[in-house]
1. For the condition touching a Pro at 6+ places or on another chain (Cβ under 6 Å), crowded, with 17+ Cβ neighbours inside 10 Å and in the same structural domain as Tyr354 (by TED's automatic domain parsing), what is the one hit in Ala256, Ala210?
2. Being among the β-branched types (Val, Ile, Thr), crowded, with 20+ Cβ neighbours inside 10 Å and modelled with pLDDT of 95 or more, is that true of even one residue in the range 295-317?
3. Does any residue in the range 279-293 that is closer than 19 Å to Ala358 by Cα and part of a loop (DSSP other than H, G, I, E, B) come within less than 8 Å, Cβ to Cβ, of a residue that is among the small types (Gly, Ala, Ser) and modelled with pLDDT under 95 six or more places away or on a different chain, and which pairs are these?
4. Quick test for you: out of Met1, Met16, pick the one residue that is modelled with pLDDT under 95, part of a loop (DSSP other than H, G, I, E, B) and over 21 Å from the mean Cα position of the chain (by Cα).
5. Which residue is nearest to Asp201 (Cα to Cα), if the candidates are limited to the range 132-145 and must be of a type outside the set (Gly, Ala, Ser) and crowded, with 21+ Cβ neighbours inside 10 Å?
6. Could you tell me how many of the residues in the range 228-267 are touching a strand residue (DSSP E or B) at 6+ places or on another chain (Cβ under 9 Å), under 17 Å from Ala374 (Cβ atoms) and of a type in the set (D, E, K, R)?
7. Might you check whether a residue that is over 23 Å from Gly366 (Cβ atoms), of a type outside the set (Lys, Arg), modelled with pLDDT of 90 or more and not assigned by TED's automatic domain parsing to the domain that holds Pro162 occurs anywhere in the range 220-235?
8. Only one of (1) buried (at least 17 other Cβ atoms within 10 Å of the Cβ); (2) within 20 Å of the chain's Cα centre (by Cα) is not met by Tyr85, so which one is it?
Amino acid sequence: MASEEFAHYVRSGQTMLRRGYTTGTCAALAAAGAVRLLLTGRAPEAVSLTTPKGIEVSVSLAEAELPEAGQAARCAVRKNAGDDYDVTDGMLVWAAVRKSAAPGVRIDGGEGVGRVTRPGLDQPVGVAAINRVPRRMIEEQVRAACDELGYDGGMEVVISIPGGAEAAARTFNPVLGVEGGLSILGTSGIVEPMSEQAIVDTIAVQQRQAAEEGAEGLILTPGNYGEEFLKEAGLDRTGLPVVKCSNFLGEALDIAAAQGFRRVLLVGHIGKLVKAAGGIMNTHSKYADCRMELFCAHAALCGADRTLCRALMDAATTDRCIELLDEAGLRGPVMDSLLAAIQLHLERRAAGAYQTGAVVFSNVYGLLGLTDKAKEIIIWRI
């Protein structure tokens, strides 16, 4: 049986994108169906719930099984991620239920659902990676079905996602310390297409884990280039935990303050970090660019003539800007000026919560410079 069309949309720029529903919603719906199948011997034609966001989701069960002479029941709901890129889209989320002599609803993870191996996540170490809101949704649906059908005993629920272990390799789970499968996630029950909040939430989790493991300092880097440079430059020897912040520089700096870090070192490619010299704290090009304008302005402050300023404005890449500055003998003073501006804006964002500094590099030219505060942080660790 196929799921009904879930016709809820959200605007992204000039495009309307379909919302979907989370693995937590799927698990709760599957559990509701499985309880009804167990207690009546018949699978319901459809199951529905109202998500924490207030949106109703109603689906047909993709699979329904009543093995073991009616002692247990299993139902599955197919994940619908809408227009979001989600590795779980189309996967079956199963709920197996069984009556229990113990009172209440006990929830665990089975095949394809990961286990927590590091502190700082939503669930304790050793527990199935089924977060609080999905657990509450599952329990509410199980209790509602039991009450409706006059059953007042306990119930065991096991959530599984066949293929989840393989899919999890394409998620942040291995980095976060969730092993063996996917996480059952969702705070609203609804998947918002291309959600930036999901990325920010992941940054927050990684920082919280580092704090709970006793780290006093932190390295933030926008992405893979930064991680590679850390190893090449030997900065990995500082032993500071490294968290990728993607384009969300401001959010990552704010989270570091909330987690109580004493020192935060930002390490990034000039193409990203030059924007911070202009106070740009979300470095995605759809919000702001200004890379060439910033090079031009700081070059002008350092004595660049009109011809060089025009060439900088017309440059296609920041590496080309460095090349032009080298030809004019101005790389050193311009980089010093840019680094001073980056330091100023980092300190304004940190607002005294911690010491911060920046290291800037290029894939072509290597290390371009570091602020004085960055030197202090590195010396402190080494």
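1. After ruling out the rest, the residue left standing is Ala210.
2. Step one: filter the range 295-317 for residues among the β-branched types (Val, Ile, Thr), giving 307, 317.
Filter again for crowded, with 20+ Cβ neighbours inside 10 Å, leaving none.
No: zero hits.
3. What qualifies is Ile280/Ala288; Asn282/Ala288.
4. Numbers: Met16 fails: part of a loop (DSSP other than H, G, I, E, B).
Residue meeting the stated conditions: Met1.
5. That would be Val133.
6. Result for the range 228-267: 4.
7. No, the conditions are met nowhere in the range 220-235.
8. Here Tyr85 clears every test but (1).
The values are calculated or read from the model by the stated rules, or taken from the named source; none is laboratory data. Not measured: the values here are computed from a predicted model. With ideal geometry, Cβ positions are generated from the backbone for all residues, glycine too; neighbour counts draw on all protein chains shown.
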